[in-house]
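The values are calculated or read from the model by the stated rules, or taken from the named source; none is laboratory data. Note that the structure is a prediction, hence the values are computed from the model and not measured. Here Cβ is always computed from backbone atoms with ideal geometry, including for glycine, and neighbour counts include all displayed protein chains. Please note that ligands, DNA and RNA were not included when accessible areas were found on the heavy atoms of the full protein model with its side chains. Shrake-Rupley method; radii C 1.70, N 1.55, O 1.52, S 1.80 Å.
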Amino acid sequence: MDLAPEELQFLTIPDILRESISIPKRSPKTFYLITLSLIFPLSFAILAHSLFTHPLISQLQSPFNDPSQTSHEWTLLLLIQFLYLLFLFAFSLLSTAAAVFTVASLYTSKAVSFSSTLSAIPRVFKRLFLTFLWVTLLMILYNSLILLSLVLMILAIDTDNSLLLFLAILIVLTLFLVAHVYITALWHLASVVSVLEPVYGLAAMKKSYHLLKGRLRFAAVLVSAYLVACGVISGVFSVVVVHGGEDYG
């Protein structure tokens, strides 16, 4: 955090990681409070969602399930899913806004406190929300392409068409390994832009697109490492916390 703003563009990936680790040390109390009030409830919601939905899904998949209870279980499952997504969406945006605003304040040598961060969130939440909606549309398009590719793959297997199967696999791998990483980088950068500047939606995504130019390799490495870390944490969390280690039994 002792670097001048113009020096940040020359950081290597190890430098970026060291700089990121050092940021919370500048205002530990603020980051502790952000973690406890915004990030911890998000983590708890993920655990609660798993604990509530897994038994319901198991009951719905059971061949001995009472048909009279099926409607009630489906209603309960959909209600839990709706409330979970609403909570996840709200706290994800709030935690993003709080973290980005706090880091920006540190870099611009402004006074940093938990109360100042909370007071700034209402000013930036609308921009962040609108950007999130545009990113959601982009993700819907991306998932539609994935679904179309899977349909092509099934058709290729059914018709024993090796060329069509090769093209379908190539499209799926490209979407997963390239498009998903790029969209994730674009999404997070657009969220940061929406918090720091009075732009949102397509304008924020366009600016993040220009910011990524010439830095795609950096972004790909960082986002890939982030996605791998999330996958490992999710897997360990599922095995150890949700299932209590029963997968190893």
Which listed residue is in contact (Cβ under 8 Å) with a residue 12 or more places away in the chain, assigned to a helix (DSSP H, G or I), open to solvent by 50 Å² or more (accessible area, probe 1.4 Å) and over 29 Å from ARG26 (Cα atoms), from LEU47, LEU60, LEU85, LEU76
LEU76
Please list, ordered by first then second residue, the pairs with beta carbon atoms under 7 Å, 6 or more apart or interchain, first in the range 22-43 and farther than 15 Å from THR102 by Cα and in contact (Cβ under 8 Å) with a residue 40 or more places away in the chain, second open to solvent by less than 30 Å² (accessible area, probe 1.4 Å) and assigned to a helix (DSSP H, G or I).
LEU42/SER95
Scanning the range 199-219 for residues that are hydroxyl-bearing (Ser, Thr, Tyr) and within 18 Å of ALA179 (Cβ to Cβ), the one farthest from the chain's Cα centre (by Cα) turns out to be TYR209
Are there helices (runs of 4 or more DSSP H) fully within the range 120-227 with at least 1 residues that are under 22 Å from ALA98 (Cβ atoms) and open to solvent by 70 Å² or more (accessible area, probe 1.4 Å)? List them.
180-196, 202-212
Filter the range 105-116 down to the residues that are in a helix (DSSP H, G or I) and open to solvent by 30 Å² or more (accessible area, probe 1.4 Å) and list them by number.
TYR107, PHE114, SER115, SER116
Reported set for the range 106-118 where residues are in contact (Cβ under 8 Å) with a residue 12 or more places away in the chain and closer than 22 Å to LEU189 by Cβ is LEU106, TYR107, THR117
(1) farther than 21 Å from ILE39 by Cβ; (2) modelled with pLDDT of 85 or more; (3) surrounded by 12 or more Cβ atoms within 10 Å (Cβ to Cβ) all hold for THR102 apart from (1)
Examine the range 46-54 for a residue that is in contact with a helix residue (DSSP H, G or I) (Cβ under 8 Å, 6 or more places away or on another chain) and at pLDDT 85 or above, and state whether such a residue exists.
no
Over 26 Å from PRO41 (Cβ atoms), touching a helix residue (DSSP H, G or I) at 6+ places or on another chain (Cβ under 6 Å) and buried (at least 17 other Cβ atoms within 10 Å of the Cβ), is that true of SER95?
no
Could you grab me the full set of residues in the range 13-41 that are hydrophobic (A, V, I, L, M, F, W, C) and either on the phi > 0 side of the Ramachandran plot or open to solvent by 30 Å² or more (accessible area, probe 1.4 Å) (or both)?
ILE13, ILE16, LEU17, ILE21, PHE31, LEU33, LEU36, ILE39, PHE40
